[in-house]
Amino acid sequence: MAAMSSLLAVLDAADAHPVAVTLRARSYELLGDLTDLTDRTVVDVGCGGGRAVAELAERGARAVGVDRDPEMIGVARERWPTGEFHVGDACELPLETGSVAGYRADKVLHALADPERAVAEARRVLAPGGRAVLLGQDWDTLAIDSDEPETTRRLVRTKADSLPSPRVARRYRNLLLDAGFTDPVVEVHTLVLTDDTALGLLHRMTDEESWLAEQAERARTNRIFVAVPMFLVAAQG
Ligand SMILES: C[S@@+](CC[C@H](N)C(=O)[O-])C[C@H]1O[C@@H](n2cnc3c(N)ncnc32)[C@H](O)[C@@H]1O
């Protein structure tokens, strides 16, 4: 429960960042013409607290959120009572073959040992001509200003190595092509964090106190700087 609350707090803070707002809006555009998506099913896989489901529903889609964590789904249902949310795995979606017009997974595939299976599952549930949008960070490309660059490099690498698929974002295009998707569109938007949002992210990256103390001092004196390139790839199923 504590881990989920801390993840949600970081996600909520990052979600409010202007680049994150633009990025989500762009991810919805890349799902396809929203007039075509009206009343059609769009699935947000690894939906977390459910914000994208609510935003897609506002745009007229029948948005469905799926997350493997029942506590996350509980939070999503509480936050967005009219939304449709299901507990389920990205590799075995609770959806019929060919039943969705759009598939979206935001900051999710790095958590999967076998992201190929999730992308194959995306292709299974998409109707012909439907679109998939993958979005997320590459955990080896965080840029963090620090007086201890060697320690920083080690901590970034340790965090990346703790994840099942830390570099999957740079593979999104190839994963989609290998699964039979066509016409990929690739964009990279950089999230630049210069406030306490950065500190929240760094606390999820490491518990090394002296390094975090320097970052806290940077935040206090307006000198914290974390840049996170976000990879956004869309393709047609
Ligand atoms: C970093 S959060 C991102 C949440 C949301 N997409 C967002 O952008 O705010 C990753 C989410 O993916 C979910 N997740 C991880 N592995 C999953 C899997 N195999 N199937 C479905 N959801 C998964 C987690 O429970 C978590 O809610």
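Here, each number is a calculation from the coordinates, and none is a lab measurement. Bear in mind the structure is a predicted one, so any value in this text is a computation, not a measurement. Here the Cβ is made from the backbone with ideal geometry for all residues, glycine too, and neighbour counts use every protein chain on show.
So what's the angle, to the nearest 10 degrees on a 0 to 90 scale, between helix 70-79 and the longest Cα principal axis of the chain?
80
Decide, for region 66-138, between rounded, prolate and oblate: order the square roots of the alpha carbon gyration tensor eigenvalues as a ≥ b ≥ c, take rounded if a/c falls under 1.5, and otherwise choose prolate if a/b is larger than b/c, else oblate.
oblate
Within region 122-162, what residues put their amide N at less than 19 Å from the label point 7 Å along the Cα-to-Cβ vector of ARG223?
143-153
Enumerate by residue number the GluC sites (Glu not before Pro) in region 89-125 meeting two conditions: DSSP loop (anything except H, G, I, E, B), and at most 15 other Cβ atoms within 10 Å of the site's Cβ.
GLU96
Taking the chain as the reference, fit the longest principal axis to its C-alpha atoms, fit the long axis of helix 115-125 to the helix C-alpha atoms, and give the angle between the two in degrees, 0 to 90, nearest 10.
So the helix axis and the longest Cα principal axis differ by about 30 degrees.
Could you give the semi-axes, largest first, of the ellipsoid that matches the chain, computed as the square roots of 5 times the alpha carbon gyration tensor eigenvalues and rounded to whole Å?
Here the semi-axes work out to 31, 19, 16 Å.
Let me check I've understood the local charge: for ARG124, count other residues with C-beta under 14 angstrom from its C-beta, Lys and Arg +1, Asp and Glu -1. What total comes out?
-3
Taking the alpha carbon gyration tensor of region 147-237, what are the square roots of 5 times its eigenvalues, largest first, to the nearest whole Å?
33, 15, 9
Please give the FRET efficiency for ASP12 paired with ASP161, using the beta carbon to beta carbon distance and R0 = 25 Å, rounded to the nearest 0.05.
With R0 = 25 Å, the Cβ-Cβ based efficiency is 0.40.
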